[in-house]
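Notes for the one structure printed next.
Just so it is clear, none of the values below were taken in a lab; they were calculated from the coordinates. Because the structure is predicted, anything quoted here is derived from the model rather than measured. So basically every Cβ, Gly included, is an ideal-geometry build from the backbone, and we count neighbours across all protein chains shown.
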Amino acid sequence: MKYRVFFIASIVLIIVIAPRLPWYGYLLCLLVPLSVLFFACINLSWNFFIPAHCKAETTEKVVALSFDDGPDLCTDDILDTLKQNDVPASFFCIGKHIAGNEKTLQRIKDEGHIIGNHSYSHAFWFDMWGPQKMMADMRLMNKGVMTVTGLTPALFRPPYGVINPALASAIKWEKYIPIGWNIRSFDTRIKDKQKLLSRITGQLKPGSIILLHDSMAITAAILPELIKQIKTKEYKIVRLDKMLNINAYV
């Protein structure tokens, strides 16, 4: 909300002082609110367009694991590790990945993990679409989950973590609960296992939501040690909906 107030105040200021400025001064003033808008789009935690859950407000040493972009080749390996360590997680799945991976999706449900909506297409231009097309895509994802598991996800994580007015409207109309994170692992970029582990464990705080990807082999490889290190730091890994006190399904 504070960022939105700043943005509106900036626009008002430009209108008031623009006639007194040289052209380059006007452009400089215009750059400020545009920069705010840009960073608001790529920072879901700002709550600029819509309130989102990016962490839990708690002093208890609990954290939640979340995985994006599955079901994929590494999802079953990750599920094996979670089962061996009796650890719950959330899987924000892409609808187009369900076909051919129905057993894995059902396994996510059967083993007590959350299935969240990460769009059907995860299209590169998703954020350029209008609200109606976004909603159709999100509904198609939920339909795929419902067909396989009988569940209708209530949690939505935006593709690429990007939010804008159109997507905020779609989320509100469809009554999804937007979910972000406050620990981004960068497991899609980091190639060194130790560096990846250190990045995650070095940011642990009570109520943290950790973003991982079950499409990445390195994530499956480091997960046993990650769980071990989290527990060594005396953190408990809990299910996202329990930590946030929200409903995972409609």
* For segment 162-204, which residues satisfy the criterion of being among the small types (Gly, Ala, Ser) and closer than 30 Å to Thr232 by Cα? -> Gly180, Ser185, Ser198, Gly202
* **Among (1) farther than 19 Å from Asp72 by Cβ; (2) under 19 Å from the mean Cα position of the chain (by Cα); (3) surrounded by 15 or more Cβ atoms within 10 Å (Cβ to Cβ) - the single one Leu151 does not satisfy** => (2)
* Sort out which residues of segment 37-73 are under 20 Å from Met141 (Cβ atoms) and not β-branched (Val, Ile, Thr), and write them in order of number. => Leu44, Ala52, His53, Ser66, Phe67, Asp68, Asp69, Gly70, Pro71, Asp72, Leu73
* **From Pro224, Pro165, residue being more than 16 Å from the chain's Cα centre (by Cα), under 25 Å from Trp46 (Cβ atoms) and surrounded by fewer than 21 Cβ atoms within 10 Å (Cβ to Cβ)** => Pro165
